[in-house]
1. Quick check on the stretch A:33-63: of everything there that is more than 15 Å from residue A:116 (Cβ to Cβ) and of a type in the set (A, V, I, L, M, F, W, C), which residue is farthest from the other protein chains (Cβ to nearest Cβ)?
2. Given the structure, is residue B:98 part of a strand (DSSP E or B), within 14 Å of chain A (Cβ to nearest Cβ) and either under 24 Å from the mean Cα position of the chain (by Cα) or under 26 Å from residue B:41 (Cα atoms) (or both)?
3. Is there a residue in the stretch A:26-35 that is among the hydroxyl-bearing types (Ser, Thr, Tyr) and touching a Lys or Arg at 6+ places or on another chain (Cβ under 9 Å)?
4. For the stretch B:295-318, which residues satisfy the criterion of being over 15 Å from residue B:193 (Cβ atoms) and within 16 Å of the chain's Cα centre (by Cα)?
5. Among the residues of the stretch B:165-182, is there at least one that is under 30 Å from residue A:103 (Cα atoms) and either touching a helix residue (DSSP H, G or I) at 6+ places or on another chain (Cβ under 8 Å) or touching a residue at least 60 places away in the same chain (Cβ under 8 Å) (or both)?
6. Among the residues of the stretch B:133-153, write down those that are without any contact (Cβ under 8 Å) to a residue 40 or more places away in the chain, acidic (Asp, Glu) and closer than 19 Å to residue B:214 by Cβ.
7. Looking only at the stretch A:128-154, filter to residues that are touching a strand residue (DSSP E or B) at 6+ places or on another chain (Cβ under 6 Å) and under 25 Å from residue B:50 (Cβ atoms); which one of those is farthest from the other protein chains (Cβ to nearest Cβ)?
8. Within the stretch A:154-173, track down each residue that is surrounded by 14 or more Cβ atoms within 10 Å (Cβ to Cβ), of a type in the set (Lys, Arg) and farther than 18 Å from residue A:103 by Cα.
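What follows draws every value from the coordinates through simple rules; no lab data is involved. Model, not experiment: these values are computed from the prediction. Counting neighbours? That spans all protein chains shown, and the Cβs are built from the backbone with ideal geometry, glycine included.
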Amino acid sequence: MERKDILEKFKNAIVDLDLDEALDSTKEALNNGVAPYEIMDAMRSASNLVGQKFESCEYFISELIIAGTIMKSASDLLKPHISGDKPRYRGKVIIGSAPGDMHDIGKNLVVVSLMGAGFEVVDLGIDVPADKFVQAVKDETPNIMGISALTSTTMMRIGEVIEALKSSSIRDKIKVILGGAPLTDEFAKKVGADACAKDVINGIKICEGWLSESS
Amino acid sequence: MESVSRGQKATIYPGERYTPRERVWKTLEHQEADRVPAELGGCLSFMMKQSYFNLKHYLHLPIFFKEIDYWPGGTHYTSFWTTPIDERIYRRFRIDFRPISIRFPRPFIPQKLFSDNSFIDECGFHRKAGETYLEFANPYPLERMENIDEIINDPYWPDPEKDRSVEGLDKKAKRIDEGGYALCCVAPMGGVFETSWQRRGFSKFVEDIYFRPNIANAILDKVKEVLIKMYGMMLDQIGDYCTLVGVADDMGAQTSGLVNLDIYRKFIKPRHKEIFDFIHKKTAAKIYLHSCGNVDMYINDFIEEGVDVLNPVQPECPDMGLEELKDKYGDKITFCGGVSSQRVLPRGTPADVKAEVIRVIKAAANGGGFIVAPGHIIQPEVPPWNVCALYDSVIKHGQYPIKL
């Protein structure tokens, strides 16, 4: 089978949520000398197609989770092969739940979906204090920071994270995107964030848009 | 406020013609009663303890010792999720419903306590107190198990016959029934889907459904068995007194369903149906389903399963506008909820809340089949004057025939 056919098979396996086929074709691609970054490119376009199916209501949260699991498993197979070569990420995102917010199902889905879309992601976890976000920006030098909140109470603490970025003079170094059930564009604007994602796929698109602007 | 005890007869106020129970039954039968029923903490619409205490202060009501728990930072924990509401508040707001549930007969002791103060609770969930609430904590108790025997024999599965008691439930139910209120029997845990993932982990459970269906089926069956046991124990005692039996199974995220419809129909719907059929054999009560988020895609299936009332109908979610829902399903299901709890209740003024109540009544109350309630848990920062504005507006503007 030709390389492009193997990659096509790999891509279709992710979109069709076929774990075994995705892993088999990853191995097959590697055995045929396909470069890991080419496989990652195919994963990105698969991730894009999964997103389109979510937008057209063919896929739901359950399918995003499964696609994420498959892409993560395929990435694990690729890792040993890219150790000498620096992976070509599209950008770096740090992400965490707002101070006081202990929910992480949505955030975790964003993490795996961003990874599938070719981003390097640093997950700071739940109930992340403002100073931890600030420190992570300094240590990790990301392009984007994601803050998640599920309740109308905890969303009110997103502002303190953005204020902390401002007082550390690093707000301008990154884009800030918010996500979570009660959040709105108006709220994002009010607290000084750059955007509010209405769902996982919308959030990824916004991040991709920022990176293509900056490149 | 005058002191009242639970079970004291309901007051029929000027302009009203029915007891709360009669009003609710008319509504459930899609007829217009004397006014639109109102719900708070009587079925499965909750109030966080912080806002509840603020409300008590505001209404000059004392806080009882039994309402205070020992978690730091005002985090609340009750083995029965909803805060027990003071009978005087129920009456002040003219709440038509009263809850009843199986009892946990001894002081709450975690089944297992970890060094980070997280613990396995009485339902077998791993929980940890945060600043405002208890959240499910990682790792989920069954997350790392790989074989069915290990999962099914996990020692932390709830065992209602061993851990719970229905002693005295019949007397309590009779008192509430004779008081003229609509009694809602609820289980102190969620339905088959949410309990399964709350024990297994959300992603892991969805992966089970796709890649290890035998494990998904075993977990779902175990939860179903626990729920059937729990409802059976309760309804054998109080089935004759119930107007509603409440089941909580969240199927929606904010913008869409959590699982696709094929999965829902294969894994969840048959178990819902089995539980609801079992409940129907024990009582003439209607089935009240609490299912958060955008659940529009499941509503036809809910109706086929035998769901009579859907709560909380979150207006901020796409597809969950009351007017559209009423048009599509209004003759087959009653809606309970609809008042914006993500935006208007926490951030609006009392005038905004009043406008919101008028909006939901206009959208859904004509012809019955609608109960006013918050579109989700009343959050800690909701000011008490907004809670009062909500229920005062139902009293003022909810009179049939609706003239808004």
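1. Step by step, filter the stretch A:33-63, then rank; the result is A:35.
2. Taking the combined requirement at face value, the residue does not satisfy it.
3. Scanning the stretch A:26-35 turns up no residue that is among the hydroxyl-bearing types (Ser, Thr, Tyr) and touching a Lys or Arg at 6+ places or on another chain (Cβ under 9 Å).
4. Within the stretch B:295-318, B:308, B:309, B:310, B:311, B:312, B:313, B:314 meet the criteria.
5. Among the residues of the stretch B:165-182, not one is under 30 Å from residue A:103 (Cα atoms) and either touching a helix residue (DSSP H, G or I) at 6+ places or on another chain (Cβ under 8 Å) or touching a residue at least 60 places away in the same chain (Cβ under 8 Å) (or both), which makes the answer no.
6. Selection gives B:146, B:149, B:150.
7. Looking at the filtered set, the residue picked out is A:147.
8. A:171, A:173
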